[in-house]
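Chemist: One structure follows; several queries about it will come next.
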Amino acid sequence: MASFVRITLDDRVYLAEEGAQLVAAAKECGVYIPTLCNYPGIPPKGACRICTVLVNGIPHTACTTKVVEDMNVVTTTPELEAFRTSIVEILLAEGNHFCPICERSGNCELQALAYRYRVPVSSFPYLFPTRDVEAWHPKLIKDHNRCIQCKRCIRGIHNAKGQAIFAFGKRGDKVVINIDRETSRDISDELAQQAMDICPVGAILRKGKGFDTPIGRRTYDHAPIGSEVAP
Amino acid sequence: MTAKATPAKKVIATTSLAGCFGCHMSLLDIDERLFDLIELVDFNKSPLDDIKEFTKECDIGLVEGGCSNDENVHVLTEFRKHCRTLVAVGECAIMGGLPALRNLMPLKDCLDEAYRNGPTVADSNPQQILPHDPDLPKLLDRVYPCHEVVSIDYFLPGCPPSADLIWDALVALVSGNELALEYRTFKFD
Amino acid sequence: MTASAHPTIQSVIARYAGDATRLMDILIDIQEALGCLTHETTAAIAKELKVPQVTVEQTVSFYHFFAREPRGAFVVYLNNSVVAQFHGGEEVATAFEAAAGCRFGEVSADGVVGLFHTACIGMSDQEPAALINGQVFPSLTPDKARALVAGMRAGRTLEDLKGRDYGDGQNAHPLVRALVHNHIRRRGLTVFADYHPGEALAKVTGLSSGEVIAEIKLASVRGRGGAGFPTGMKWEFARRAAGETKYIFCNADEGEPGTFKDRVILTERPQMVFEGMAMAAYAVGAQQGILYVRNEYHYLRDYLEDVLAEMRAQHLLGEAICGVAGFTFDISIQYGAGAYVCGEESALIESAEGKRGEPRDRPPFPVEKGYLQKPTVVNNVETLCSAVQVMLKGPHWYNRLGTEQSKGTKVLCVSGDCERPGIYEVEWGFSVNDILALAGATAVQAVQVGGPSGACIGPEEFERVLAYEDLATGGSFIVIGPQRDLLKDVVLNFTRFFRAESCGSCVPCRALTGMAQVVLERIIDGKGTAEDVERLPSWQAIMRYNRCGLGQTALNPITSTINNFRSLYDGRLARGNPRFVPSFDLAAAVQDYEAAVGAGKD
């Protein structure tokens, strides 16, 4: 039986479910905390750091923080907003993000956050890393150029036997997400679609899919990401 | 210093470096506002009026495209010298854009594919010649965003930036007011 | 993979009962048997363990001592740390390359010699040093490098190459036989004081667990890894944590460049470390201990196992320790495989569970959910030694040592440009100048206190003292002489180190370490701008939101020197009109084109 406790979000008091994830609880309260590596229903990882908020004055990633009684959360300050903008800028410069030719453009969470924060250009050095496009899989394409290493596919996608399909390889700025040849062999079209959908950017694609929603009808064409929580 | 002769009108220069002229097309897409524009500004060096070299100092330079060869670098440097405010217009100027897809492989591989090994050229270039006439611009090792070559004052995103964004930006630049970046016009595609 | 590899893989995995959480041990053993871990090998391992191959690859590819292809009959890992470079590392590397006939990162054509670089191997007092097939070859010279390669080609054995010129103390122990020297220059009152194994445990087992923790708290013992968390509090949390099964970890993964104290302590005081773990187990109610040691100290394995066996025979480990019924505790040794970040306690636990060494999100803290999700204490080697002395001599004795907020002693690892590099065990509160005088450092440009993640300070700050409240340090103390190019020889090396050692999970750490290297190299090349120097400290503000200490401090080498040696940066900035970006070099940018068309001209 869920018990509800008082929490403070940006100086307003709300009731929230004790033990709930702070991002989700804030959403229930109509407070938007931006996320990128977070995805409902899978274990949080705190990788992108963009959901960092101040919990009782100390920075914590809201995706890995649980609601406790009387917690005082500040979700937005000029420093936090500047930090979030920096995360977006860093990611844009770290990978190879060519929005005009990306199947995910208009539905991409990274792009949407760049729109939300009005980032026209990255103030960080564009690295133009050399990365692969893997197309050996019968149903999936993995375009590493666009991958932001959020691990949502690793955490969220398993085959019918419950085995992992994706995993990290290497470390540091060489990390790469690998697809297992055995465990991914017989995935259904539905699972392939789930893998594509769980990717916040256009790094996992279903073969033969893409550009099926015209400009003007895509998720973030008209209103910023987060408007669904706090208009 | 530049606009003293005609203090009411700002002077604009435009160019397309490693771009597709799509951003220029989008500028023309402001439709009937073109009449308002020519009331507000004069054009100097620009493909729109075919003035090849700067004949005066300009207030605003609009640069489409990134730097893919040494001629692009030369033109961009000229723009920086002659324009008080320099604006990177569109994804290519901002981060290299689609031409920068070649940044993901060595230049040699690109040249070989384009002139020696590609399916459309393999048979027609038996001597395996790569173009190297002294009059041809030299390709850079990669496509550079404009701000990696000269300082850039403003960035207008889009591929191309929407006509409304270009219009809003020009009005802001000419009037000296801050540009309110509307969500509607702020896009990367 | 050869046909005979399969039985090896099967027997190794059987040795660990097919337990995938023992993947580190499995991989280390299989690599030892087969020389490397190819794609085919990981496929076979995955099949045996019944896990996806990508999961095995995830671990293998994280650690840099795991080889994916043969690395030669003799695998040379030459240290390229700052201190190694100070003492001629570059010349040694050149000699190795010339003799082997291959570059670093390659294997010689005859397959005899493989040359690879590695980060600090814990030998900063005897650099340049290399690990060759797991054995340490310290104080290398170009001549020695040439002789080693010649010996390898002549078919000599590793033992033969090593010779018999063993180091001092237990380095000459029959089970160690290492060329390594301890260089203990100053024995303090804690770690290197007189010590008789078992006395502390005898005393501890006469007290209740609560009383033991109270003593540790009263003594104000704090963690010696650098962060300084109160040890008594950590034990208390773990004692109170729910559950029957609990673990004591000793963190001997010292990877901070310039640190080598754990190596010397494990060589000379292993009983003290293990006794400290057993004491912690008594206080916390733990049954199992794991000593996590960096792979660079693999040469101590047989010796440490022997010490453990001896302690079991003496009833200092095992069942009914010191005759106390129900006090059961034993220790196993877990080796790492080359990853600095595993020194972070939650990454260390992940690694011990057979995974990539990625720090965990906290809470929950390891004292609540640690190894295998059970309450786990992770203590530094030196912390455990301190706890042993506190129990022997009492908290009041301990409190008389050190400063107001830093009690006891600290084992310092002094290296770099000084006469007497080595181990100095001093009370907290010694000034930098005191240490420089002891080590015989006369001309000093800067001192790197606490390793790359610490601070780089100049002479105007040498009266500052080593203490948690002033200059905190895990032990690394690198003296930098006036002849060094601080930005190129030190800061750039450290920045590359952090870039290579980031686990890659948090965005700022993964990307900004490399981006900072780009900007720093630009400045060093004389192509930087004032804006470049301004932006690096602003990146530090982003880095502090990283999950772990590595990420939070990875730009410290840069920001610390911008704060304290600003003129070194300003003096290198590009002159000229800032409207034309100085780092853009047209002549360099067209070189590829000219080379390509030059080759293609008819």
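Chemist: Considering C:Thr513, C:Thr529, which residue is away from chain B (no Cβ under 14 Å), among the β-branched types (Val, Ile, Thr) and surrounded by 19 or more Cβ atoms within 10 Å (Cβ to Cβ)?
Modeler: Just a single option satisfies the conditions, and that option is C:Thr513.
Chemist: Continuing with this model, one more query. On the basis of being in contact with a strand residue (DSSP E or B) (Cβ under 7 Å, 6 or more places away or on another chain) and within 14 Å of chain C (Cβ to nearest Cβ), does A:Phe4 make the cut? Let's see the steps before the verdict.
Modeler: On the way: in contact with a strand residue (DSSP E or B) (Cβ under 7 Å, 6 or more places away or on another chain): yes; within 14 Å of chain C (Cβ to nearest Cβ): no.
No.
Chemist: Quick check: is even one residue across region B:61-68 within 14 Å of chain A (Cβ to nearest Cβ), closer than 8 Å to B:Leu17 by Cα and in a loop (DSSP other than H, G, I, E, B)?
Modeler: The answer is yes, given that some residue of region B:61-68 is within 14 Å of chain A (Cβ to nearest Cβ), closer than 8 Å to B:Leu17 by Cα and in a loop (DSSP other than H, G, I, E, B).
Chemist: Taking the stated definitions as given, is B:Asp135 assigned to a loop (DSSP other than H, G, I, E, B), within 14 Å of chain C (Cβ to nearest Cβ), modelled with pLDDT under 95 and exposed (fewer than 13 other Cβ atoms within 10 Å of the Cβ)?
Modeler: Numbers: assigned to a loop (DSSP other than H, G, I, E, B): yes; within 14 Å of chain C (Cβ to nearest Cβ): yes; modelled with pLDDT under 95: yes; exposed (fewer than 13 other Cβ atoms within 10 Å of the Cβ): yes.
For B:Asp135, the condition - assigned to a loop (DSSP other than H, G, I, E, B), within 14 Å of chain C (Cβ to nearest Cβ), modelled with pLDDT under 95 and exposed (fewer than 13 other Cβ atoms within 10 Å of the Cβ) - is met.
Chemist: Let me ask something else about it. Within region C:167-178, does at least one residue satisfy the condition of being of a type in the set (Asp, Glu) and either outside any loop (DSSP other than H, G, I, E, B) or touching a strand residue (DSSP E or B) at 6+ places or on another chain (Cβ under 9 Å) (or both)?
Modeler: Yes, region C:167-178 has at least one match.
Chemist: Next question. Determine whether A:Cys63 is of a type in the set (A, V, I, L, M, F, W, C) and under 16 Å from the mean Cα position of the chain (by Cα).
Modeler: Yes.
Chemist: Please find, among A:Val119, A:Val133, the residue that is under 30 Å from C:Glu531 (Cα atoms), in contact with an Asp or Glu (Cβ under 6 Å, 6 or more places away or on another chain) and of a type outside the set (Phe, Trp, Tyr).
Modeler: Details: A:Val133 fails: under 30 Å from C:Glu531 (Cα atoms).
Selected residue: A:Val119, the only one of A:Val119, A:Val133 that is under 30 Å from C:Glu531 (Cα atoms), in contact with an Asp or Glu (Cβ under 6 Å, 6 or more places away or on another chain) and of a type outside the set (Phe, Trp, Tyr).
Chemist: Looking at region C:331-350 only, could you name the residues that are in contact (Cβ under 8 Å) with a residue 24 or more places away in the chain, touching a helix residue (DSSP H, G or I) at 6+ places or on another chain (Cβ under 9 Å) and either surrounded by fewer than 24 Cβ atoms within 10 Å (Cβ to Cβ) or away from every other protein chain (no Cβ under 12 Å) (or both)?
Modeler: Kept after step one, since they are in contact (Cβ under 8 Å) with a residue 24 or more places away in the chain, are these residues of region C:331-350: C:331-349.
When the remaining residues are screened for being touching a helix residue (DSSP H, G or I) at 6+ places or on another chain (Cβ under 9 Å), the result is C:331-344, C:347-349.
Once the filter is applied, which keeps residues that are in contact (Cβ under 8 Å) with a residue 24 or more places away in the chain, touching a helix residue (DSSP H, G or I) at 6+ places or on another chain (Cβ under 9 Å) and either surrounded by fewer than 24 Cβ atoms within 10 Å (Cβ to Cβ) or away from every other protein chain (no Cβ under 12 Å) (or both), region C:331-350 yields C:Ile331, C:Ser332, C:Ile333, C:Gln334, C:Tyr335, C:Gly336, C:Ala337, C:Gly338, C:Gly343, C:Glu344, C:Leu348, C:Ile349.
Chemist: Looking at region A:60-68, is at least one residue out of contact with any Asp or Glu (no Cβ under 9 Å at 6 or more places or on another chain), more than 20 Å from C:Gly551 (Cα to Cα) and not hydrophobic (A, V, I, L, M, F, W, C)?
Modeler: Within region A:60-68, not a single residue is out of contact with any Asp or Glu (no Cβ under 9 Å at 6 or more places or on another chain), more than 20 Å from C:Gly551 (Cα to Cα) and not hydrophobic (A, V, I, L, M, F, W, C).
Chemist: Please find, among A:Val201, A:Val229, the residue that is within 21 Å of A:Thr130 (Cα to Cα) and either in the same structural domain as A:Val133 (by TED's automatic domain parsing) or out of contact with any strand residue (DSSP E or B) (no Cβ under 7 Å at 6 or more places or on another chain) (or both). If you could, list the steps in order and put the result at the bottom.
Modeler: Details: A:Val229 fails: within 21 Å of A:Thr130 (Cα to Cα).
Only one candidate passes the filter, namely A:Val201.
Chemist: So, one more: For the subset of region A:217-231 comprising residues that are within 12 Å of chain B (Cβ to nearest Cβ) and exposed (fewer than 15 other Cβ atoms within 10 Å of the Cβ), which member is nearest to the chain's Cα centre (by Cα)? So that I can check it myself, show each step before the final result.
Modeler: At the first step, the residues of region A:217-231 found to be within 12 Å of chain B (Cβ to nearest Cβ) are A:218, A:220-227.
Of the ones still in play, those that are also exposed (fewer than 15 other Cβ atoms within 10 Å of the Cβ) are A:222, A:227.
On the way: A:His222: 20, A:Ser227: 16 Å.
Within region A:217-231, the match that is nearest to the chain's Cα centre (by Cα) is A:Ser227.
Chemist: Residues that are in contact with a helix residue (DSSP H, G or I) (Cβ under 6 Å, 6 or more places away or on another chain), away from chain C (no Cβ under 11 Å) and not in a loop (DSSP other than H, G, I, E, B): does region A:196-203 have at least one?
Modeler: yes
Chemist: Another question, if that's okay. Restrict the check to region A:101-116 and report whether at least one residue is on the phi > 0 side of the Ramachandran plot, at pLDDT 95 or above and outside the structural domain of A:Arg49 (by TED's automatic domain parsing). Let's see the steps before the verdict.
Modeler: First, pick out the residues of region A:101-116 that are on the phi > 0 side of the Ramachandran plot: A:106.
Those still in the list that are at pLDDT 95 or above too: A:106.
Checking which are outside the structural domain of A:Arg49 (by TED's automatic domain parsing) leaves us with A:106.
Yes.
Chemist: Looking at (1) part of a helix (DSSP H, G or I); (2) of a type in the set (A, V, I, L, M); (3) within 25 Å of C:Ala439 (Cα to Cα), can you tell me which one C:Ile121 breaks?
Modeler: Status for C:Ile121: all satisfied but (1).
Chemist: Being more than 10 Å from chain C (Cβ to nearest Cβ), surrounded by fewer than 23 Cβ atoms within 10 Å (Cβ to Cβ) and either touching a residue at least 60 places away in the same chain (Cβ under 8 Å) or more than 23 Å from the chain's Cα centre (by Cα) (or both) is true for just one of B:Ser175, B:Ser151, B:Ser162. Which residue is that? Quick ask: steps written out before the conclusion?
Modeler: On the way: B:Ser175 fails: either touching a residue at least 60 places away in the same chain (Cβ under 8 Å) or more than 23 Å from the chain's Cα centre (by Cα) (or both); B:Ser151 fails: more than 10 Å from chain C (Cβ to nearest Cβ).
Step by step, each of B:Ser175, B:Ser151, B:Ser162 is checked, and only B:Ser162 is more than 10 Å from chain C (Cβ to nearest Cβ), surrounded by fewer than 23 Cβ atoms within 10 Å (Cβ to Cβ) and either touching a residue at least 60 places away in the same chain (Cβ under 8 Å) or more than 23 Å from the chain's Cα centre (by Cα) (or both).
Chemist: Quick one: how many residues across region C:243-275 are small (Gly, Ala, Ser) and more than 21 Å from the chain's Cα centre (by Cα)?
Modeler: So the count comes out to 1.
Chemist: Enumerate the helices (runs of 4 or more DSSP H) found wholly within region C:371-455, keeping only those where 1 or more residues are out of contact with any strand residue (DSSP E or B) (no Cβ under 6 Å at 6 or more places or on another chain), of a type in the set (Val, Ile, Thr) and in the same structural domain as C:Asp194 (by TED's automatic domain parsing).
Modeler: C:381-393
Chemist: Somewhere in region C:81-94, is a residue more than 28 Å from C:Cys413 (Cα to Cα), without any contact (Cβ under 8 Å) to a residue 60 or more places away in the chain and either of a type in the set (A, V, I, L, M) or crowded, with 24+ Cβ neighbours inside 10 Å (or both)?
Modeler: No - not one qualifying residue is present in region C:81-94.
Chemist: Residues that are buried (at least 22 other Cβ atoms within 10 Å of the Cβ) and touching a Ser or Thr at 6+ places or on another chain (Cβ under 6 Å): does region C:314-327 have at least one? Don't jump to the end; show me each part of the working.
Modeler: From region C:314-327, those buried (at least 22 other Cβ atoms within 10 Å of the Cβ) are C:317, C:321; that's our starting set.
With the extra rule that they be touching a Ser or Thr at 6+ places or on another chain (Cβ under 6 Å), the set shrinks to none.
No - not one qualifying residue is present in region C:314-327.
Chemist: Something else: Out of region C:558-602, which residues are more than 39 Å from the chain's Cα centre (by Cα), within 8 Å of chain B (Cβ to nearest Cβ) and assigned to a loop (DSSP other than H, G, I, E, B)?
Modeler: C:Pro578, C:Arg579, C:Val581, C:Val590, C:Lys601, C:Asp602
Chemist: Something else now. Tell me the residue from C:Leu78, C:Leu49 that is within 14 Å of chain A (Cβ to nearest Cβ) and hydrophobic (A, V, I, L, M, F, W, C), please.
Modeler: C:Leu49
Chemist: For region C:463-510, name all the residues that are hydrophobic (A, V, I, L, M, F, W, C), more than 23 Å from C:Ser538 (Cβ to Cβ) and away from every other protein chain (no Cβ under 14 Å).
Modeler: Once the filter is applied, which keeps residues that are hydrophobic (A, V, I, L, M, F, W, C), more than 23 Å from C:Ser538 (Cβ to Cβ) and away from every other protein chain (no Cβ under 14 Å), region C:463-510 yields C:Val465, C:Leu466, C:Ala467, C:Leu471, C:Ala472, C:Phe477, C:Ile478, C:Val479, C:Ile480.
Chemist: Something else about it: Here is a check on your reading of the model: is C:Ala541 within 10 Å of chain A (Cβ to nearest Cβ), farther than 19 Å from C:Leu492 by Cβ and touching a helix residue (DSSP H, G or I) at 6+ places or on another chain (Cβ under 8 Å)?
Modeler: yes
Chemist: Based on this model, can you work out whether C:Leu466 counts as at pLDDT 95 or above, surrounded by fewer than 24 Cβ atoms within 10 Å (Cβ to Cβ) and not β-branched (Val, Ile, Thr)?
Modeler: No; evaluated as a whole, the condition is false for this residue.
Chemist: Given the conditions (1) assigned to a loop (DSSP other than H, G, I, E, B); (2) touching a Gly at 6+ places or on another chain (Cβ under 9 Å); (3) within 14 Å of chain B (Cβ to nearest Cβ), which single one is not true for C:Arg522?
Modeler: (1)
Chemist: Could you go through region B:92-110 and let me know if any residue there is over 27 Å from B:Ile60 (Cα atoms), assigned to a loop (DSSP other than H, G, I, E, B) and within 10 Å of chain C (Cβ to nearest Cβ).
Modeler: The first filter runs over region B:92-110 and keeps only residues over 27 Å from B:Ile60 (Cα atoms), leaving B:101-110.
With the extra rule that they be assigned to a loop (DSSP other than H, G, I, E, B), the set shrinks to B:105-106.
Next cut, within 10 Å of chain C (Cβ to nearest Cβ) only: B:106.
Scanning region B:92-110, I find at least one residue that is over 27 Å from B:Ile60 (Cα atoms), assigned to a loop (DSSP other than H, G, I, E, B) and within 10 Å of chain C (Cβ to nearest Cβ), so the answer is yes.
The values are calculated or read from the model by the stated rules, or taken from the named source; none is laboratory data. Since the model is a prediction, treat every value here as computed from it, not as a measurement. Neighbour counts run over all protein chains shown; Cβ positions are idealised from the backbone, glycine included.
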